[in-house]
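Shown next, in structure tokens, is the structure this report addresses.
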Amino acid sequence: MPELKRLHAEHAPAVLAFELANRAYFAASIPDRGDDFFDQFTARYSALLAEQDSGLCAFHVLVAEDGSILGRFNLVDIEHADHSAVLGYRVAQHATGHGLATATVLELCGLAGSRYGLRTLRAATTHENTASRRVLTKAGFVPVGPAGPDDLSGKTGTWFQRDVVQQRQS
């Protein structure tokens, strides 16, 4: 059974393998990360972990039983003042179409309230990314307005939002 885990240093090799194996698949619906992402992966990964340690982001990976990464599910731009964050995710091509993204987004919504004390999550997706729009809708997100080129790396789309129950753990 896949398990959602907070991103740690030991996930680096599996995350890199995930990104490389799915690069063309991701680039078909979202902007490609570019060669620099892969050339500078170690430094960028360390920067992500530092950003997570600062409390501005919470990065997660969905880990298969064999240790491979099935998806990345992230809370970014955490605003502690208004208890909100932006949700982002990507799932391996071979793992799509089985409800895994929806189930994991729902799990992360629960963690957003219980572990991170958040009340509201937002997510933007392009008009062309029907799979992502479907995941967000199934997970209880509702459209709240247009997402512009600055939000979606040059493309346009829609912002979605969902309230999460805040049950901060002590």
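Read the figures in this text as sums done on the coordinates, not as results from a lab. Keep in mind that what you see is a predicted model, and the values were worked out from it rather than measured. No Cβ is skipped: glycine too gets one built from the backbone with ideal geometry, and neighbour counts run over all protein chains shown.
Filtered by the rule that a residue be assigned to a helix (DSSP H, G or I), hydrophobic (A, V, I, L, M, F, W, C) and surrounded by 16 or more Cβ atoms within 10 Å (Cβ to Cβ), the range 17-47 gives F18, F26, F41. Could you go through the range 48-56 and let me know if any residue there is out of contact with any Phe, Trp or Tyr (no Cβ under 8 Å at 6 or more places or on another chain) and closer than 15 Å to A92 by Cβ. Taking every residue of the range 48-56 in turn, none turns out to be out of contact with any Phe, Trp or Tyr (no Cβ under 8 Å at 6 or more places or on another chain) and closer than 15 Å to A92 by Cβ. Of the residues making up the range 69-87, those that are buried (at least 17 other Cβ atoms within 10 Å of the Cβ) and either of a type outside the set (A, V, I, L, M) or out of contact with any strand residue (DSSP E or B) (no Cβ under 8 Å at 6 or more places or on another chain) (or both) number 6.
Results for (1) in contact with a helix residue (DSSP H, G or I) (Cβ under 8 Å, 6 or more places away or on another chain); (2) in a strand (DSSP E or B); (3) of a type outside the set (S, T, N, Q), shown as yes or no for each residue.
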{"position": "A50", "(1), (2), (3)": "no, no, yes"}
{"position": "L56", "(1), (2), (3)": "no, no, yes"}
{"position": "L62", "(1), (2), (3)": "yes, yes, yes"}
{"position": "D66", "(1), (2), (3)": "no, no, yes"}
{"position": "G88", "(1), (2), (3)": "no, yes, yes"}
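Quick one: which of L49, L108, L75, L62 is farther than 22 Å from D163 by Cα, touching a residue at least 40 places away in the same chain (Cβ under 8 Å) and touching a His at 6+ places or on another chain (Cβ under 9 Å)?
L49
Within the range 122-139, is even one residue touching a helix residue (DSSP H, G or I) at 6+ places or on another chain (Cβ under 7 Å) and either hydroxyl-bearing (S, T, Y) or farther than 24 Å from V61 by Cβ (or both)? Yes.
Look through the range 106-120, keep the residues that are of a type in the set (A, V, I, L, M) and either in contact with a Gly (Cβ under 9 Å, 6 or more places away or on another chain) or part of a loop (DSSP other than H, G, I, E, B) (or both), and return whichever of them is surrounded by the fewest Cβ atoms within 10 Å (Cβ to Cβ). Only one residue fits best here, namely L106. In the range 26-46, the residue that is nearest to G154 (Cα to Cα) out of those that are in contact (Cβ under 8 Å) with a residue 24 or more places away in the chain and of a type in the set (F, W, Y) is F26.
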